[in-house]
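Colleague: Before I ask anything, let me first share the structure, which is written out below as structure tokens.
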Amino acid sequence: MASVELQGLHKEFGNVVALDDLDLDVAAGEFVSLLGPSGCGKTTALRCVAGFEFPDSGEVLVDGKDVLGLPANKRNMGMVFQAYSLFPNMTAQQNVEFSMKIRRRPRSERSKRALELLELVGLSRQAERYPRQLSGGQQQRVALARALALEPAVLLLDEPLSALDAKVRVQLREEVRRIQLELGITTLYVTHDQEEALSVSDRVAVLSEGRIEQIGTPAEVYTHPKTSFVASFVGTVNRAEVTVLSASGKTVRWGPAVLKLETEAFAYHDGDAVTLYLRPEDVTLGLGRNGTIPSGGLFNGRVTSITFLGPVTRVSVRTEVGPVVADLSSAEALELSIDSEVSVDVAPGALRALAS
Amino acid sequence: MAAIAVPTSNKRRRGGHGRLQLWHVFWIIVAVLYFVVPLYSLLQFSFEGSVNHHSAGFHWFLTVFDDPQFRSSFWLSVQIALETVLVSNLLLVPTAFWIHLKLPKLRPVMDFVSILPFVVPPIVLIVGLVPFLQPFTFIYSRPEVLPLIYVVFALPFLYRSLDAGLRAIDLKTLSEASANLGSSTLGTLVRVVLPNLRQSIISGSLLTVAIGMGEFTISSLLSFNTFPVYIFNIGQSQAYEAAALSVISLLLIWGIMIGLFLLGRGGRTSIALGATR
Ligand SMILES: Nc1ncnc2c1ncn2[C@@H]1O[C@H](COP(=O)(O)OP(=O)(O)O)[C@@H](O)[C@H]1O
Ligand SMILES: [Mg+2]
């Protein structure tokens, strides 16, 4: 177990700024995800830690010691790659033994440890298989076992599940987390899939254009996004441009409605333009009784689309303030149809405002 | 009307198809004759004339085998071929590895360079090489100079073969995985890259053997008595022996081809066996 610190990492490729003075502290034993859209610098950050890329400036500290002077093969970091990376000429077990062979561990110790690790990833019966005889998910399990063989100080995973089927992906991410907790190994996990990041991490670092927009627990990042980028990248969100009615009263005007925000810090002035963020699951829709116009909401609107997503159904409503998206329980949504007139309401405390 | 038209057109098509097949057979026969007749004549000729002798058709073969010149030239060529394989692999395997891994921008350049030996005729090569090599008298006058020249001829075959092998694996990811697991670059070359290039190295090397064994122009110009030069000299005066020699060298080349085939298949079989265990 080791802590990892990235300090002011800066890296440019030609005129592309891949990392823009990135700072990140990962405590020993912590599972931190780097989450962001494609091209935001996640892989570059991870490769700087692994030693495959060298930052133009900044430092990478492991347990307080700078590792940038060490070549990749001396850093003792286990890495699982996005592309399939098993050695095709070796069996699963030989792949896992590879690093131990280089360290000249005795044969019996090697094979014992390799079989333990294959057991840990649930592949003890596939030890003799060659990579081509394994499914994608199995190959990535072997890659994980292989990365863990030397008990590395840090485990690095670069979108290890992105090539897999949705179902295998969910199953495997839970397994990665279980193994990480079992071994207590410090882990940096790169992904562009927000659900993946939120579901397995101790903390999530949201990246955009080479810098960290926000870092926090999955719940913090989801419920209290600090920037508009985080609000829209993590989960689905309704956005609305509104004006501050009363800074002291923390009220804003959204179309015909006046809303009170329940945030503690409200650093705006009367008349400021701010952007309102609202999660679809915090929107409720009301139907009028027996064909009457529904009332009691902030405003009314008409249903424009209904998308069944399993446990929830996503309903888009056209209102006088623009489109609003609501996630209803699928049972509730059964009462609605396209063009139903509905009232739109918002759960108290669900609104976030950020400077426009 | 349509009902009538359909069968007719069908029939015509089938008829056309039949005629096409007939032509196929015809051309196949022509091609086979083109290759088989000279071979058969060669074989026939090499067995001929031995009726007067007691060795039941193998007379000229035995004569050839008894000739110390045959043995020395044959072994010289084998030796040269193996040296060519060694030198060209030592030169090209690390080069191809390095270019693919670190200098991918040079790949088109290497592609071009690797076909140059096809474009430049051997005679031009030798005219250029002689003045270059002449000052190095210690090597220039010895047959060991030939592998150094044949490496150039082997370049297209071996490099292309290695190139195809390297393209078939994700070299960057495999090398990084290997480094991440503690291996040096040399270790990666030996433990990861070479085993996965086995097929390419073998097939490229066998073609190189064929070149080393068969090259005539340069060894003749430099007056080394290699196997092809020996065959040529025999052919000037002893027609039967030359025919027997040609048969022997044909068998050799076929042996190389079969070796190539078996070694290539061997790799796959062992993997399949590993699976069933
Ligand atoms: N080796 C490279 N050469 C040139 N540009 C690169 C290289 N690696 C990454 N980049 C660029 O740096 C930026 C960040 O890339 P990357 O770290 O791979 O993003 P991510 O993994 O988040 O998708 C991208 O714009 C990418 O095009
Ligand atoms: Mg990436």
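The values are calculated or read from the model by the stated rules, or taken from the named source; none is laboratory data. Not measured: the values here are computed from a predicted model. Reconstructed Cβ throughout: ideal geometry from the backbone, glycine too, with neighbour counts over all protein chains shown.
Colleague: Please pick out the residue among A:S295, A:S305 that is in a loop (DSSP other than H, G, I, E, B) and of a type in the set (S, T, Y). Full working, then the answer.
Modeller: On the way: A:S305 fails: in a loop (DSSP other than H, G, I, E, B).
Selected residue: A:S295, the only one of A:S295, A:S305 that is in a loop (DSSP other than H, G, I, E, B) and of a type in the set (S, T, Y).
Colleague: Does the stretch A:80-97 include one or more residues that are under 29 Å from the mean Cα position of the chain (by Cα) and among the acidic types (D, E)?
Modeller: no
Colleague: Checking the conditions here, which among B:T173, B:T137 is within 30 Å of B:L222 (Cα to Cα), among the polar types (S, T, N, Q) and surrounded by fewer than 16 Cβ atoms within 10 Å (Cβ to Cβ)?
Modeller: Values: B:T173 fails: within 30 Å of B:L222 (Cα to Cα).
Of B:T173, B:T137, the one residue that is within 30 Å of B:L222 (Cα to Cα), among the polar types (S, T, N, Q) and surrounded by fewer than 16 Cβ atoms within 10 Å (Cβ to Cβ) is B:T137.
Colleague: Just name the residue that is surrounded by the most Cβ atoms within 10 Å (Cβ to Cβ) out of those in the stretch A:49-59 that are in a loop (DSSP other than H, G, I, E, B) and out of contact with any Asp or Glu (no Cβ under 7 Å at 6 or more places or on another chain).
Modeller: We begin by selecting, within the stretch A:49-59, every residue in a loop (DSSP other than H, G, I, E, B); these are A:51-56.
Filter once more, so that each one left must be out of contact with any Asp or Glu (no Cβ under 7 Å at 6 or more places or on another chain): A:51, A:53-55.
Numbers: A:G51: 22, A:E53: 18, A:F54: 10, A:P55: 24.
Checking each candidate, the answer is A:P55.
Colleague: Filter the stretch B:153-205 for residues that are touching a Pro at 6+ places or on another chain (Cβ under 6 Å) and aromatic (F, W, Y) and give the result.
Modeller: Selection gives B:F153 alone.
Colleague: So, one more: Which one is surrounded by the fewest Cβ atoms within 10 Å (Cβ to Cβ) among residues in the stretch A:187-196 that are at pLDDT below 95 and either assigned to a helix (DSSP H, G or I) or away from ligand 2 (no atom under 16 Å from the Cβ) (or both)?
Modeller: The qualifying residue surrounded by the fewest Cβ atoms within 10 Å (Cβ to Cβ) is A:E195.
Colleague: Cβ-Cβ under 6 Å, sequence separation 6+ or interchain: first residue in the stretch B:114-137 and polar (S, T, N, Q), partner at pLDDT below 80. Which pairs?
Modeller: What qualifies is B:Q134/B:Y140.
Colleague: Pairs needed: first member in the stretch A:37-54, more than 9 Å from ligand 2 (Cβ to nearest atom); second member anywhere, β-branched (V, I, T) and part of a helix (DSSP H, G or I); C-beta distance under 8 Å; at least 6 residues apart or different chains.
Modeller: A:E53/A:T44
Colleague: Also: Could you please find all residues in the stretch A:90-109 being among the β-branched types (V, I, T) and at the interface with chain B (Cβ under 8 Å from one of its Cβ atoms)?
Modeller: Selection gives A:T91, A:I102.
For (1) part of a strand (DSSP E or B); (2) of a type in the set (D, E); (3) within 16 Å of ligand 1 (Cβ to nearest atom), each residue gets a yes or a no:
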{"residue": "A:L22", "(1), (2), (3)": "yes, no, yes"}
{"residue": "A:A28", "(1), (2), (3)": "no, no, no"}
{"residue": "A:L34", "(1), (2), (3)": "yes, no, yes"}
{"residue": "A:S38", "(1), (2), (3)": "no, no, yes"}
{"residue": "A:L61", "(1), (2), (3)": "yes, no, no"}
{"residue": "A:L86", "(1), (2), (3)": "no, no, no"}
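Colleague: Can you confirm whether the stretch A:67-81 contains a residue that is assigned to a loop (DSSP other than H, G, I, E, B), without any contact (Cβ under 8 Å) to a residue 40 or more places away in the chain, surrounded by fewer than 19 Cβ atoms within 10 Å (Cβ to Cβ) and facing another protein chain (nearest Cβ under 10 Å)?
Modeller: Yes, because at least one residue in the stretch A:67-81 is assigned to a loop (DSSP other than H, G, I, E, B), without any contact (Cβ under 8 Å) to a residue 40 or more places away in the chain, surrounded by fewer than 19 Cβ atoms within 10 Å (Cβ to Cβ) and facing another protein chain (nearest Cβ under 10 Å).
Colleague: Same structure, new question: List every residue pair whose Cβ atoms sit under 9 Å apart, with the two residues 6 or more apart in sequence or on different chains, where the first one lies in the stretch A:321-343 and is buried (at least 16 other Cβ atoms within 10 Å of the Cβ) and the second, anywhere, is of a type in the set (S, T, Y) and in a loop (DSSP other than H, G, I, E, B).
Modeller: A:V325/A:T236; A:D327/A:T236; A:S343/A:S295
Colleague: Moving on to the next point. For the stretch A:155-177, does any single residue satisfy the condition of being polar (S, T, N, Q), more than 16 Å from ligand 1 (Cβ to nearest atom), more than 27 Å from A:R203 (Cα to Cα) and away from chain B (no Cβ under 13 Å)? Full working, then the answer.
Modeller: Quick first cut of the stretch A:155-177, residues polar (S, T, N, Q) only: A:162, A:171.
Filter again for more than 16 Å from ligand 1 (Cβ to nearest atom), leaving A:171.
With more than 27 Å from A:R203 (Cα to Cα) added as a condition, the list becomes none.
Scanning the stretch A:155-177, I find no residue that is polar (S, T, N, Q), more than 16 Å from ligand 1 (Cβ to nearest atom), more than 27 Å from A:R203 (Cα to Cα) and away from chain B (no Cβ under 13 Å), so the answer is no.
Colleague: Related question: Does A:F87 count as within 14 Å of chain B (Cβ to nearest Cβ) and in contact with a strand residue (DSSP E or B) (Cβ under 7 Å, 6 or more places away or on another chain)?
Modeller: Values: within 14 Å of chain B (Cβ to nearest Cβ): yes; in contact with a strand residue (DSSP E or B) (Cβ under 7 Å, 6 or more places away or on another chain): no.
The answer is no for A:F87.
Colleague: Regarding A:F81, is this residue within 14 Å of ligand 2 (Cβ to nearest atom) and not polar (S, T, N, Q)?
Modeller: Working: within 14 Å of ligand 2 (Cβ to nearest atom): yes; not polar (S, T, N, Q): yes.
Judged against the criteria, A:F81 is a match.
Colleague: Hey, can you tell me all the residues within the stretch A:14-36 that are within 15 Å of the chain's Cα centre (by Cα) and within 14 Å of ligand 2 (Cβ to nearest atom)?
Modeller: Within the stretch A:14-36, A:S33, A:L34, A:L35, A:G36 meet the criteria.
Colleague: Report, by residue number, each residue of the stretch A:63-84 that is over 19 Å from A:L6 (Cα atoms) and within 16 Å of ligand 1 (Cβ to nearest atom). I'd like the intermediate steps shown before the answer.
Modeller: Keep residues of the stretch A:63-84 that are over 19 Å from A:L6 (Cα atoms), which gives A:73, A:80-84.
Hits for the stretch A:63-84 are A:V80, A:F81, A:Q82, A:A83.
Colleague: Here is a follow-up. If you check every pair at least six apart or on different chains, which have Cβ atoms under 6 Å apart with a residue in the stretch A:182-205 that is within 14 Å of another protein chain (Cβ to nearest Cβ) first and a residue that is within 16 Å of ligand 1 (Cβ to nearest atom) and in a loop (DSSP other than H, G, I, E, B) second?
Modeller: Filtered contacts from the stretch A:182-205: no entries.
Colleague: Consider the stretch A:130-147. How many of its residues are within 11 Å of chain B (Cβ to nearest Cβ) and not charged (D, E, K, R)? Break it down into steps so the answer makes sense when it comes.
Modeller: Just the residues of the stretch A:130-147 that are within 11 Å of chain B (Cβ to nearest Cβ), to begin with: A:130-134, A:143, A:146-147.
If we keep only those that are not charged (D, E, K, R) as well, we get A:130-131, A:133-134, A:143, A:147.
Number of matching residues: 6.
Colleague: Has the stretch A:117-125 got any residue that is outside any helix (DSSP H, G or I), in contact with an Asp or Glu (Cβ under 8 Å, 6 or more places away or on another chain), touching a residue at least 40 places away in the same chain (Cβ under 8 Å) and within 14 Å of chain B (Cβ to nearest Cβ)? Reasoning before the result, please.
Modeller: Narrowing the stretch A:117-125 to residues outside any helix (DSSP H, G or I): A:121-123.
Then keep just the ones that are in contact with an Asp or Glu (Cβ under 8 Å, 6 or more places away or on another chain); that gives A:121-122.
This time we only want the ones that are touching a residue at least 40 places away in the same chain (Cβ under 8 Å), so: A:121-122.
Filter once more, keeping what is within 14 Å of chain B (Cβ to nearest Cβ): none.
No, the stretch A:117-125 has no match at all.
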